[in-house]
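Note sheet for the following structure.
The values are calculated or read from the model by the stated rules, or taken from the named source; none is laboratory data. As the structure is a computational prediction, the values presented were derived from the model and not from experiment. A quick note on method: Cβ atoms are made from the backbone with ideal geometry, for glycine too, and the neighbour counts reach across all protein chains shown.
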Amino acid sequence: MDRETLARIERLEEQLAFQTRTVEDLNEVVTRQADQIDALNRRLAALVEHVEELEDAAAGSVPVTKPPHY
């Protein structure tokens, strides 16, 4: 092979190595974000459940009556 072809192959190999590293880095970011989203979804579900329990507890103790001006 001539020098120009070898130089082109070398540049392509460098680009491939760079792109491979970029894909690996992005995969790590996406994986970490997926874990964070899962954790946030679990916390949100727990908060919703807690708020619903508080609403149920509050609804039972307050009598529903018309205000005196009716």
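Brief remarks on what is shown
- Filter result for the condition that a residue is among the aliphatic types (A, V, I, L, M) and over 33 Å from the mean Cα position of the chain (by Cα), over 54, 16, 6, 47: 6
- Looking at 58, 39, just one residue is in a helix (DSSP H, G or I) and loosely packed, with under 10 Cβ neighbours inside 10 Å, and that residue is 58.
- Checklist (1) part of a helix (DSSP H, G or I); (2) at pLDDT below 95; (3) among the hydroxyl-bearing types (Ser, Thr, Tyr) applied to residue 31, failing item: (2)
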